[in-house]
Amino acid sequence: MSERYLLVGYPGLVAQATLRALAAERAEVEVDVLVETAVQAERLAADWPFARARLGRRDAVDLGLSGAEYMELARHGQRLIWCTEPTGCDGYTLEECPALRSAAELVELARVAKRLEAAVVLSSVLALGDAQGRVLESDLRVGQRFRQTVEEACAIGESLVERASKDLPLTIARAPAILGDGETGECPVDGPLLRLVRGCEVAPRVIPASFRNQPVHAVTADFVARSLLALVREPRARGRRVHLVEEQPPTDRALFQCVATVCERTIEERPLQGLFARPQSPLMRLKGVDARLLQGWDVVFDRTEARGLLPGSPEPLESVLPRLVSWCRGLHD
């Protein structure tokens with residue numbers, strides 16, 4: 001009997017990597033994929049002929065599907081993989097923020113799905129706001145403050161899923177920034193790494209910079225996709241929250257140095273002036289480049305659940321970064 005999945009998050013990199021992983025297994029599967037445009041449906045059919053497009057919206061009531069389509073998914077869906085990545089909430093109230101509405105729709109579908117075996121939802125470390133220190137996988141409210149609406153929306157969305165997981169087979173997978181796909185090298189065209197690379201390419205040959213030497217928490221889409229598939233198939237994962245992070249993440253200095261080297265630039269490091277001084281570099285003021293990505297974030301993410309439930313760890317970011325940066329450079333050659 002074939003496995004039946006509903007995948008929400010296409011055409012994001014994690015959803016693409018999930019489809020690629022399913023195709024590589026050569027197993028008999030049925031995959032319904034939520035798409036938001038006819039163009040996406042055509043692309044899905046061309047790239048992944050084993051998948052079936054469902055035209056709707058992740059944050060709409062009943063996913064924007066017709067009543068008949070929604071009930072068909074509710075009757076037959078066995079495994080839900082909800083891998084939407086959080087977007088900004090500009091122009092939305094907190095209640096309208098897509099990250100929060102999407103989590104609510106996942107819970108609603110899980111409640112009416114008659115044959116549901118498991119659902120895994122991709123969350124973000126944005127839910128932790130400005131938290132510092134060690135964060136356990138069970139932690140959600142740790143006295144953090146929220147600097148952006150999307151952070152608070154992610155936290156409330158996680159709490160909705162967490163409460164529902166007491167009665168439903170739900171798993172939360174909390175990931176940091178997803179820089180790109182480690183297998184293909186592809187990066188989001190609106191992502192921080194592409195903006196950083198472009199800024200580096202137009203910078204002087206010698207770039208002045210200072211660093212805090214704090215960890216940079218980021219992973220690749222292919223690792224996240226493999227993890228989501230493993231979790232949705234693992235009965236022990238039900239009701240758990242799992243951190244999808246690197247055990248020993250690189251520092252802000254290592255990330256910046258790698259990008260600069262591939263872009264044929266040299267870093268001229270300057271000491272920080274004072275304990276509370278901010279790292280300085282022209283690239284850190286680029287629009288769209290998350291300062292926390294460049295400066296590092298003094299948080300240690302516990303991986304106890306991840307070590308017990310996942311088959312492996314992510315490829316070290318420092319080893320995959322050159323591939324991602326090279327893809328970014330080739331995008332506009």
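The values are calculated or read from the model by the stated rules, or taken from the named source; none is laboratory data. Because the structure is a prediction, the values reported are computed rather than measured. Positions of Cβ are generated from backbone atoms using ideal geometry, with glycine treated the same way; all protein chains shown enter the neighbour counts.
Within the range 148-200, work out how many residues are basic (Lys, Arg) and within 19 Å of the chain's Cα centre (by Cα).
Going through the range 148-200 one residue at a time, the tally reaches 2.
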### Task
Give the residues of the range 98-115 that are among the hydrophobic types (A, V, I, L, M, F, W, C) and over 27 Å from Phe223 (Cα atoms), sorted by residue number.
Val112, Ala113
### Message
Any residue at all in the range 201-215 that's under 15 Å from the mean Cα position of the chain (by Cα) and either assigned to a helix (DSSP H, G or I) or surrounded by 20 or more Cβ atoms within 10 Å (Cβ to Cβ) (or both)?
### Response
no
### Query
Would you say Val31 is outside any helix (DSSP H, G or I), surrounded by 14 or more Cβ atoms within 10 Å (Cβ to Cβ) and at negative phi?
yes
### Task
Give the range 1-28 a look and list any residue that's modelled with pLDDT under 95 and outside any helix (DSSP H, G or I), or say none.
Met1, Ser2, Glu3, Arg4, Arg26, Ala27, Glu28
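Among the residues of the range 216-227, are any out of contact with any helix residue (DSSP H, G or I) (no Cβ under 9 Å at 6 or more places or on another chain), part of a helix (DSSP H, G or I), within 26 Å of Ala17 (Cβ to Cβ) and touching a residue at least 40 places away in the same chain (Cβ under 8 Å)?
Start the filter on the range 216-227 by keeping residues that are out of contact with any helix residue (DSSP H, G or I) (no Cβ under 9 Å at 6 or more places or on another chain), which leaves none.
The answer is no; no qualifying residue exists.
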### Query
In this structure, does Asp167 turn out to be under 30 Å from Ala104 (Cβ atoms) and assigned by TED's automatic domain parsing to the domain that holds Leu310?
yes
#### Entry: Residues that are within 23 Å of the chain's Cα centre (by Cα), farther than 14 Å from Leu109 by Cα and hydrophobic (A, V, I, L, M, F, W, C), drawn from the range 37-77
Ala41, Leu44, Trp48, Ala51, Ala53, Leu55
### Task
Answer yes if at least one residue in the range 57-77 is crowded, with 19+ Cβ neighbours inside 10 Å and within 15 Å of Val232 (Cβ to Cβ), and no otherwise.
yes
#### Entry: Of all residues making up the range 243-261, the number that are charged (D, E, K, R) and in a helix (DSSP H, G or I)
2
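Name every residue in the range 55-79 that is among the small types (Gly, Ala, Ser) and touching a strand residue (DSSP E or B) at 6+ places or on another chain (Cβ under 6 Å), in order of residue number.
Selection gives Gly56, Gly77.
Listed here are the residues, each with its yes/no results for (1) modelled with pLDDT of 90 or more; (2) of a type in the set (A, V, I, L, M); (3) surrounded by fewer than 23 Cβ atoms within 10 Å (Cβ to Cβ); (4) not in a loop (DSSP other than H, G, I, E, B).
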site: Asp90; (1), (2), (3), (4): no, no, yes, no
site: Leu100; (1), (2), (3), (4): yes, yes, no, yes
site: Arg111; (1), (2), (3), (4): yes, no, yes, yes
site: Ser123; (1), (2), (3), (4): yes, no, no, yes
site: Ala131; (1), (2), (3), (4): yes, yes, yes, no
site: Leu140; (1), (2), (3), (4): yes, yes, yes, no
site: Gln144; (1), (2), (3), (4): yes, no, yes, no
